[in-house]
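Worksheet: one structure, shown below.
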Amino acid sequence: FHTLHALNSARIQKTNFDALSEFEKAAAFDGPPAGATDPQSSVVSLWKLLRSMIPEGGKAVTVEGLVKGARRHLEAGHAAYMMDVVRKHAQVARLGGETSNLARVHAFLRVSLKGQGQLDFDTQGSGSVNTTWRQVYYCIRSGYMREALQVAASANDPATRSAGIIFADALREWVDNDGAVSSSTASALSQHAKRMLAEADRGRVHLLVLYAIVARDARVAQDLIAQNPTFFGYIQDFMWFKLALVATPPPSGGQGSMMAMSPSSAAGSFHIVDLQAYLRQFPSKHYSCEGRDPLMYVSVLLLSLQFKAALHYMLNDPAAAAYRSDGVHMGIALEHYSALEVEGREQELDESGGLDLPQAIIQYGCEFA
């Protein structure tokens with residue numbers, strides 16, 4: 001309530017107000033609401049997510065910016081998850097005093113691949129387990145782009161050379177151009193990925209994921225998941241993969257128009273509305289552990305830019321009854337940043353449930369009147 005008062009005062013005085021940070025601080029101070037039972041998610045985590053997605057300082061909110069922010073949030077979360085695993089298995093991880101990002105990935109792999117033999121970064125010789133593309137994948141998954149390029153450049157893998165394209169070069173092009181590659185690069189990667197899929201080599205699944213992301217080929221991604229249905233064991237990993245595939249229109253004219261987001265706008269592209277439609281195939285309980293973790297479903301909706309649906313769920317669904325006030329706070333914050341009206345962000349379908357945010361705010365105000 002005090003944060004709302006401060007926000008209203010800032011509006012009246014026409015001064016800047018970091019609403020997302022202030023709501024996050026308030027949620028951390030208040031702690032979980034009475035009746036909250038969710039084991040993994042928290043209101044604070046939702047505010048952290050929105051703070052990663054929505055720019056401060058009056059900058060325009062765009063679909064492209066929201067998607068990139070969501071990915072950055074998931075990458076930071078995975079980096080924290082890896083370190084948590086390493087700390088819990090310190091003897092196996094053997095991180096020691098190393099502080100580099102690549103050392104952290106190596107420590108994580110020692111734990112996750114425990115019992116599979118000597119790993120290539122720990123020993124020399126033909127008998128070691130080749131972890132090259134696992135290293136690149138986990139680097140990118142955690143936002144360690146420089147380290148991903150470093151490992152890819154040192155790889156000696158003839159299988160990553162196709163039609164004159166070396167994957168390490170394609171990856172550098174993707175990083176240097178903020179997630180875009182030329183149509184020729186994307187096409188070559190897609191064709192190579194389709195051949196690998198036809199061979200059904202499950203030992204190269206990490207490499208295939210990288211090919212799909214860099215080429216932004218939704219069909220390759222779909223076939224990859226069909227062949228490896230358990231690869232993305234956590235919803236956060238799945239959402240990160242899907243968001244990495246989302247295409248946004250390149251700038252009109254200039255160098256940007258030479259970059260492609262997928263091999264073919266008709267065949268391989270994947271847009272935010274496609275992700276939203278896919279997620280809507282399953283009921284909320286699919287994402288919320290049968291209603292035990294309602295904020296996990298809210299997180300999925302926010303990550304896929306379905307802000308109105310997230311608010312409607314928090315304000316109306318019985319599973320989220322403990323979070324009615326938080327839903328009002330979030331709605332006010334999203335309205336403050338004009339995030340509810342971003343063009344192309346969310347289709348006006350039944351999932352928003354005829355959201356009546358003004359009425360929810362009035363009811364909330366009556367409770368404090």
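The values are calculated or read from the model by the stated rules, or taken from the named source; none is laboratory data. Owing to the predicted nature of the structure, the values given are computational and were not obtained by experimental measurement. A quick note on method: Cβ atoms are made from the backbone with ideal geometry, for glycine too, and the neighbour counts reach across all protein chains shown. Surface areas here come from the heavy atoms of the whole protein model, side chains and all, with no ligands, DNA or RNA. Shrake-Rupley method; radii C 1.70, N 1.55, O 1.52, S 1.80 Å.
Tabulated values for the structure
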read-out	value
Euclidean distance of C-alpha centroids, the stretch 71-123 and the stretch 173-233, integer Å	24
220, 61, ranked by accessible area, largest first (probe 1.4 Å)	61, 220
Longest exposed-site-free window of the chain, the sites being trypsin sites (Lys or Arg not before Pro) in a DSSP loop that have at most 14 other C-beta atoms within 10 Å	115-291
Accessible surface of the chain, 1.4 Å probe, proportion on carbon and sulfur as whole %	51
Karplus-derived HN-Hα couplings along the stretch 270-282 (A = 6.51, B = -1.76, C = 1.60, θ = phi - 60°), whole Hz, x at Gly and Pro	8, 10, 4, 5, 5, 5, 4, 5, 4, 5, 6, 5, 10
Surface per residue (accessible, 1.4 Å probe) for the stretch 1-105, Å²	58
Residue 182 long-range amide H proximity, modeled H, under 5 Å	260
